[in-house]
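*Asks:* Here it is, the structure, as structure tokens.
The values are calculated or read from the model by the stated rules, or taken from the named source; none is laboratory data. Please read all numbers here as calculations on a predicted model, not as lab measurements. Every residue, glycine among them, receives a Cβ derived from its backbone with ideal geometry; neighbour counts consider all protein chains shown.
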Amino acid sequence: MTAGTLLLEAAAQAGLYGLMVRTSGPQIRGGEAAALLRLAPTPVESLDDRFDLLLAVDWQNIHRFADEIPLHAGSLLIGDAEGGEVPEVFVRTGARTVALPLKKMAKGLAGSWINMLALGIAGAVAGIPVQALEGAVRRGWKRPEAALLANLAAVREGMAAAEGLSSLPKIKAGPATEGRWVLSGNEGAGYGALRGGVRFVAAYPITPATELLEWMAPALQKVGGTLLQAEDELASVNMIIGASYGGVPSLTATAGPGLALMTEGIGLAVAAEVPIVVVDVMRGGPSTGIPAKSEQSDLSFAVSGLHGDAPRLVLAPSSISDCVATTQWAVELAETLQAPAIVLSDQFMGQSRAIVERPALRPGGAQRLTVEAGTPEYKRYRDTESGVSPMAIPGTPGVVYTADGLEHTEGAIPSSQARDHTIQLDKRERKLLRHDYGSRWADVEGDAALAVITFGSATGPVREAVRRAAAQGVAVRLVVLRLLAPVQQAAFDAALAGVARVMVIEQNHGAQLLRYLRGVVDLPSRPDSFHRPGPLPLRPAEVCAALLEWAGATTQAKETV
């Protein structure tokens with residue numbers, strides 16, 4: 001992971017774009033791990049279909065994720081000469097194998113690490129200048145100078161060892177730029193939350209959301225905020241409800257099992273109209289599932305998983321870079337509409353790192369409607385036209401009210417009367433449905449008669465597949481959903497105007513997005529579906545093949561008619 005991270009940093013300094021995806025086993029400590037990188041002179045949002053280079057420090061437990069590292073006959077496979085036989089799964093690909101004495105080389109440089117040799121080899125094969133590689137090592141170095149010099153020597157020796165080994169074309173580096181960022185989706189979500197105004201976080205560590213909390217802990221201190229590690233997810237959600245009730249924009253981050261535990265608390269936030277943000281970094285499920293792998297399988301739970309009629313906001317960033325803007329937007333919407341917002345990230349976006357252009361940052365800050373002291377005849381849950389009623393911050397003189405999970409009158413008095421229940425149900429629904437979300441609800445690209453709808457981390461491979469299909473003469477309109485709930489029917493109608501057929505693409509076993517949309521949106525014709533579960537990421541080639549087959553079947557059906 002260290003070598004991969006440094007290679008990505010060096011690529012950024014060399015003017016390249018890139019993506020590094022982490023893959024590992026379910027162990028809490030140690031175990032097999034691989035850094036999967038794609039580097040290019042243009043922006044990349046997904047892994048490619050095959051890897052050109054596999055550099056194996058060792059073969060321990062490689063069988064556990066060998067299918068995540070597809071090679072081809074033109075690939076180069078470099079392994080330690082004393083590391084044992086190359087696994088048959090890689091031999092069958094026809095990749096050229098080169099054995100290097102990696103461990104011996106590292107021992108020959110006292111104080112060096114074998115992964116710095118690997119960094120030099122991989123950098124040389126990719127064509128990254130030595131200055132960029134050494135600069136990446138120097139910038140993050142926190143150990144004694146002697147160890148730094150030893151490992152810089154290891155980088156150079158690795159580059160020398162790679163000379164003449166590869167016939168792969170070098171990546172043409174562009175001009176170095178200081179304007180690009182290297183960040184993970186978890187870091188982006190944390191930064192977006194701060195820009196939105198979050199100043200209190202309570203959470204319990206869980207893969208793959210923990211890094212978001214680790215990043216926010218020191219960042220919150222810099223802006224006068226606080227992060228508290230709770231004893232579990234139930235405590236976490238109730239703590240942020242309490243903090244938000246006290247007037248502080250608040251957030252928690254979790255994964256599927258934690259989101260399930262937070263259900264009752266989120267329902268309380270709906271009923272009491274207390275704004276909170278829950279970032280769900282999705283992973284393979286159900287139950288403990290596959291903690292370190294990605295899957296978009298919490299969607300149904302996020303949009304429908306609360307008891308009672310409980311309208312809530314559900315958003316999904318479309319890329320690692322978009323984690324910043326979408327999480328900020330989620331905080332602002334939660335505060336403006338006094339409602340819980342769930343942000344659906346996932347392991348792929350959360351734990352991967354990417355070289356991206358500096359995101360366009362919007363002015364930050366939450367906008368919560370509050371009441372002034374001494375307001376006469378104050379009713380916390382007044383049935384307003386917008387559905388949003390002023391919130392009294394505890395301690396404000398003359399505007400005391402009770403907030404709990406019981407149904408209530410406009411004046412916050414608990415009530416079981418049908419009239420009060422209907423008024424509050426309508427109010428809570430109306431404020432979400434009538435809000436003007438603008439154009440940010442989705443990204444709509446193209447105007448073809450065939451349209452693909454997707455969301456979240458599926459966007460990268462789908463967008464690349466759409467480009468490949470266009471190059472083969474098949475035009476496809478792309479609709480990337482960012483606001484999943486409440487659904488924008490009028491905006492959907494406009495986005496799909498002139499569309500004859502729709503395909504929904506997602507990464508889960510049950511076609512959750514398709515089933516959800518069929519229940520809440522009027523889609524043209526009978527929608528088609530391309531879906532499969534994790535842990536393997538969606539690849540552009542498989543999606544493109546599905547699009548070409550679908551377009552061909554659609555054309556054939558028209559001709560038959």
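*Asks:* Which of the residues that make up region 475-506 are in a loop (DSSP other than H, G, I, E, B) and free of Cβ contacts under 8 Å to residues at least 12 places away in the same chain?
*Replies:* Start the filter on region 475-506 by keeping residues that are in a loop (DSSP other than H, G, I, E, B), which leaves 475-476, 482, 486-488, 496-500.
Within region 475-506, just Ala497 meets the criteria.
*Asks:* Need the failing condition index for Ser345 against (1) on the phi > 0 side of the Ramachandran plot; (2) modelled with pLDDT of 95 or more, just the number.
*Replies:* The single condition Ser345 does not satisfy is (1).
*Asks:* Out of region 305-324, which residues are more than 15 Å from Leu268 (Cα to Cα) and more than 12 Å from the chain's Cα centre (by Cα)? I'd like the intermediate steps shown before the answer.
*Replies:* Our first condition is that a residue be more than 15 Å from Leu268 (Cα to Cα); within region 305-324, this holds for 314-324.
Of everything in region 305-324, just one residue is more than 15 Å from Leu268 (Cα to Cα) and more than 12 Å from the chain's Cα centre (by Cα), namely Val314.
*Asks:* Out of Pro129, Pro101, Pro169, which single residue is closer than 17 Å to Val57 by Cα, out of contact with any strand residue (DSSP E or B) (no Cβ under 6 Å at 6 or more places or on another chain) and of a type outside the set (Asp, Glu)?
*Replies:* Details: Pro129 fails: closer than 17 Å to Val57 by Cα; Pro169 fails: closer than 17 Å to Val57 by Cα.
It is Pro101.
*Asks:* I'd like to verify a number: residues in region 167-223 that are assigned by TED's automatic domain parsing to the domain that holds Leu261, in a loop (DSSP other than H, G, I, E, B) and among the hydrophobic types (A, V, I, L, M, F, W, C), how many?
*Replies:* So the count comes out to 4.
*Asks:* Give the residues of region 38-59 that are within 16 Å of Ser184 (Cβ to Cβ) and without any contact (Cβ under 8 Å) to a residue 40 or more places away in the chain, sorted by residue number.
*Replies:* Arg38, the sole residue that qualifies.
*Asks:* Next up: Spot the failing condition for Thr252; the list is (1) in a strand (DSSP E or B); (2) among the hydroxyl-bearing types (Ser, Thr, Tyr); (3) closer than 24 Å to Gly18 by Cβ, and only one is missed.
*Replies:* Status for Thr252: all satisfied but (3).
*Asks:* Would you pick out the residues in region 1-23 that are closer than 15 Å to Met349 by Cα and of a type outside the set (Val, Ile, Thr)?
*Replies:* Gly18, Leu19, Met20, Arg22
*Asks:* Can you report the number of residues in region 228-246 which are free of Cβ contacts under 8 Å to residues at least 60 places away in the same chain and in a helix (DSSP H, G or I)? It would help to see each step written out before you state the result.
*Replies:* Initial filter on region 228-246 (free of Cβ contacts under 8 Å to residues at least 60 places away in the same chain): 228-244.
Next cut, in a helix (DSSP H, G or I) only: 233-244.
Total meeting the criteria: 12.
*Asks:* Name the pairs: first residue in region 431-450 and under 30 Å from Gly552 (Cβ atoms) and crowded, with 17+ Cβ neighbours inside 10 Å, second residue modelled with pLDDT under 95 and of a type outside the set (A, V, I, L, M, F, W, C), Cβ to Cβ under 9 Å, at least 6 apart or on different chains?
*Replies:* Ala442/Gln488; Leu450/Thr554
*Asks:* Only residues that are surrounded by 19 or more Cβ atoms within 10 Å (Cβ to Cβ) and in a helix (DSSP H, G or I): list them for region 151-166, please.
*Replies:* Within region 151-166, Asn151, Leu152, Ala154, Val155, Glu157, Gly158, Met159, Ala161, Ala162 meet the criteria.
*Asks:* Continuing with this model, one more query. Applying the selection to region 220-241, what residues are surrounded by 17 or more Cβ atoms within 10 Å (Cβ to Cβ) and in contact with a Gly (Cβ under 8 Å, 6 or more places away or on another chain)?
*Replies:* Glu233, Ser236, Val237, Asn238, Ile241
*Asks:* Among what's in region 255-276 and is assigned to a helix (DSSP H, G or I) and of a type outside the set (A, V, I, L, M, F, W, C), pick the residue that is nearest to the chain's Cα centre (by Cα). Steps first, please.
*Replies:* Of all residues in region 255-276, those assigned to a helix (DSSP H, G or I) come to 256-261, 263-272.
After this cut, where a residue has to be of a type outside the set (A, V, I, L, M, F, W, C) as well, the list is 256-258, 263-265, 267.
On the way: Gly256: 14, Pro257: 17, Gly258: 17, Thr263: 21, Glu264: 25, Gly265: 24, Gly267: 24 Å.
Per the stated criteria, the residue is Gly256.
*Asks:* Answer yes or no: is there a residue in region 50-59 that is among the charged types (D, E, K, R) and more than 30 Å from Tyr17 (Cβ to Cβ). Outline the logic, then answer.
*Replies:* From region 50-59, those among the charged types (D, E, K, R) are 50, 52, 58; that's our starting set.
If we keep only those that are more than 30 Å from Tyr17 (Cβ to Cβ) too, we end up with none.
Looking through region 50-59, none of the residues is among the charged types (D, E, K, R) and more than 30 Å from Tyr17 (Cβ to Cβ).
*Asks:* Additional query: Report every pair of residues separated by at least 6 positions or lying on different chains whose Cβ atoms are under 9 Å apart, first residue within region 74-97 and within 22 Å of Leu168 (Cα to Cα) and free of Cβ contacts under 8 Å to residues at least 12 places away in the same chain, second crowded, with 20+ Cβ neighbours inside 10 Å and of a type in the set (Val, Ile, Thr).
*Replies:* As it stands, the answer is none, since no pair meets every condition given.
Residues are listed down the side, and each one gets a yes or a no for (1) hydrophobic (A, V, I, L, M, F, W, C); (2) not assigned by TED's automatic domain parsing to the domain that holds Gly265; (3) not in a helix (DSSP H, G or I):
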| site | (1), (2), (3) |
| --- | --- |
| Phe301 | yes, no, no |
| Leu306 | yes, no, yes |
| Ala310 | yes, no, yes |
| Ser318 | no, no, yes |
| Gln328 | no, no, no |
| Glu332 | no, no, no |
| Ala341 | yes, no, yes |
| Leu344 | yes, no, yes |
| Gly350 | no, no, no |
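Let's see how each residue does on (1) surrounded by 17 or more Cβ atoms within 10 Å (Cβ to Cβ); (2) modelled with pLDDT under 95; (3) under 26 Å from Met20 (Cβ atoms):
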| residue | (1), (2), (3) |
| --- | --- |
| Ala471 | no, no, no |
| Val474 | yes, no, no |
| Leu478 | yes, no, yes |
| Asn508 | yes, no, yes |
| Gln512 | yes, no, no |
| Gln556 | no, yes, no |
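*Asks:* Any chance you could count how many residues in region 95-141 are surrounded by fewer than 16 Cβ atoms within 10 Å (Cβ to Cβ) and on the phi > 0 side of the Ramachandran plot?
*Replies:* Matching residues across region 95-141 total 1.
*Asks:* Moving on. Please count how many residues of region 13-47 are within 26 Å of Thr207 (Cβ to Cβ) and over 18 Å from the mean Cα position of the chain (by Cα). Let's see the steps before the verdict.
*Replies:* Let us first name the residues in region 13-47 that are within 26 Å of Thr207 (Cβ to Cβ), namely 18-38, 44-47.
Adding the requirement that they be over 18 Å from the mean Cα position of the chain (by Cα) leaves 25-34.
Here the count works out to 10.
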